[in-house]
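Each remark here refers to the structure printed beneath this line.
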Amino acid sequence: MEPKRIVAMCGSLRKDSLNRKLLNEIIKQSEGKWHVKEAEIGKLPLFNEDIEAAGDPESVKSFRKKLKEADGVLIVTPEYNAGMPGGLKNALDWASRSPEEFSIKNLPVAIAGASNGNVGTALSQMQLRQTLTNMNANIMTNPKIIASRYQTKIDPETGRLTDESTAKQIDKFIESFSRFVTVFGE
């Protein structure tokens, strides 16, 4: 089977975030199964209809082009103040306004998240699912990755995952999303 073309979005803009480390681990464990391109959300301007009316900036065009070419979308998000980060919401606003052929509409989407707390990213993921449902995305409901206390599961120097249970959970997540993309992708 040919690798799935997955566009990944990291909701944290910080280079050394736990969610960046989780995304890197998912990418590493998906080698041979997925071909991952990252959609850089930090370079998107704040959504504004005046900007949209003047013509999409290059960052928006590039973002939409990646979505158009994707078989599925992976979103790895932290939780800020019991919700999704503003930069991620902004990216979804741009995706929702895009022409039909560039939209996230009907694309298979998987959600994961890591946090340093005990609750993980459950509230952020719930809010993200609500937004994606409104956008008519095909959201994989299970398995979930809500990696709480992720800093205790990685090597502090390399950022690489050391927790076997979480590694198995990621493998299951990758296998499930690969099947989900095959069934629900257009």
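Each of (i) 17.4, 59; (ii) 15.3, 45; (iii) 15.7, 50 is a candidate for Rg and Dmax of the Cα atoms in Å; the one calculated from this structure is (iii). Compute the acute angle (0 to 90°) between the alpha-carbon long axis of helix 164-184 and the principal axis of greatest extent of the alpha-carbon atoms of the chain; round to the nearest 10°. Its long axis makes an angle of about 30 degrees. For HIS35, nonlocal amide neighbours, meaning residues 5 or more places apart or on other chains whose placed amide H falls under 5 Å from its own, are LYS4, ARG5, ILE6. Pick from ILE51, ILE104, ILE75 the residue whose mean-square fluctuation is largest in a GNM of the chain, springs joining Cα atoms under 10 Å. Of ILE51, ILE104, ILE75, the most mobile in the Gaussian network model is ILE51.
The alpha carbon centroids of segment 159-186 and segment 28-100 are separated by 21 Å.
Angle check, please: helix 18-29 long axis (alpha carbons) against the longest principal axis of the chain (alpha carbons), in degrees 0 to 90, nearest 10. Between the helix axis and the principal axis of the chain, the angle is about 80 degrees. The sum of -39500 (n - 2.57) across all DSSP H runs of n ≥ 4, divided by the residue count of the chain, sets its helix-only mean residue ellipticity at 222 nm to -12500 deg cm²/dmol. Net length available on complete extension from ARG5 to LYS65 is 20.3 nm, with 0.36 nm assigned per residue and the Cα-Cα distance removed. Separation of the alpha carbons by more than 20 angstrom is noted, of LYS21/LYS153; LYS105/LYS168; LYS66/LYS144; LYS66/LYS172, for LYS105/LYS168; LYS66/LYS144; LYS66/LYS172. Over segment 96-186, Cα pairs under 8 Å with separation of 6+ residues give a relative contact order of 33 percent. To the nearest ten degrees, helix 86-96 and the longest principal axis of the Cα atoms of the chain are 50 degrees apart.
Working from label points 7 Å from Cα in the Cα-to-Cβ sense, the GLN151 to ASN116 distance is 0.3 nm. Across the chain, Cα pairs under 8 Å and at least six residues apart give a relative contact order of 24 percent.
We did not get these values from a lab; they are worked out from the coordinates using the rules stated. Treat the numbers as computed from the prediction; the structure is a model and nothing was measured. A quick note on method: Cβ atoms are made from the backbone with ideal geometry, for glycine too, and the neighbour counts reach across all protein chains shown.
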